[in-house]
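Notes follow once the structure below has been shown.
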Amino acid sequence: MSLIPPERRLELRIGVNLGDVIVDGDDIFGDGVNIAARLEALAQPGTICISHTVYDQVRNKLDLDYRPLGSHRVKNIAEPVRAYAVGVPAAAPRPSRRRRALVAAAGAAALVVAGLVAWAFHAGAGRELLGLGTAPKPVEVASLAAPARLAGRPSVAVLPFKNLSDDAGQDYL
């Protein structure tokens with residue numbers, strides 16, 4: 001039971017896809033980003049929606065509830081995208097607190113991995129591995145010492161997860 005009243009809750013929708021991402025300065029684009037954004041729109045508030053590509057990679061590795069949402073035509077993509085809701089049981093009961101924490105952790109881990117891959121390609125490590133040339137000039141990273149440059153810009157905080165379960169085997173998250 002949440003102590004925050006419903007009108008004050010921040011319920012996120014997350015779309016996860018596995019695909020090509022192009023980094024150009026501060027912009028990222030490509031089919032991978034486009035499909036993930038469209039999946040986000042398909043997700044119900046407080047849930048995660050994944051593509052069939054992601055489903056193929058995680059279905060036997062993560063013991064979560066995957067509910068097929070069917071194929072959907074999405075803007076700027078020629079073929080329909082098969083989507084799955086993650087962590088939403090087929091029946092109406094609400095998932096347990098532990099299940100919700102696992103779903104949130106899986107979604108956050110997928111986003112972190114996608115960000116690291118994009119960063120590696122942007123920094124040149126991925127380009128060098130694929131023989132596509134050397135790394136571009138390093139990008140300046142904002143720090144707490146320069147808050148004036150961050151004023152008015154969107155930001156994301158990445159914080160460690162706290163294991164709320166009694167299972168010590170989940171501490172690695």
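The values are calculated or read from the model by the stated rules, or taken from the named source; none is laboratory data. Keep in mind it's a predicted model, so treat the numbers as computed, not measured. Heads up, the Cβs are rebuilt from the backbone with ideal geometry, glycines too, and the neighbour counts pull from every protein chain shown.
Condition check: at pLDDT 75 or above, at positive phi and more than 18 Å from the chain's Cα centre (by Cα). Does Gly70 satisfy that?
Against the criterion (at pLDDT 75 or above, at positive phi and more than 18 Å from the chain's Cα centre (by Cα)), Gly70 qualifies.
Might you let me know whether region 42-55 holds any residue that is at pLDDT below 85, in a loop (DSSP other than H, G, I, E, B) and in contact with a strand residue (DSSP E or B) (Cβ under 6 Å, 6 or more places away or on another chain)?
No - not one qualifying residue is present in region 42-55.
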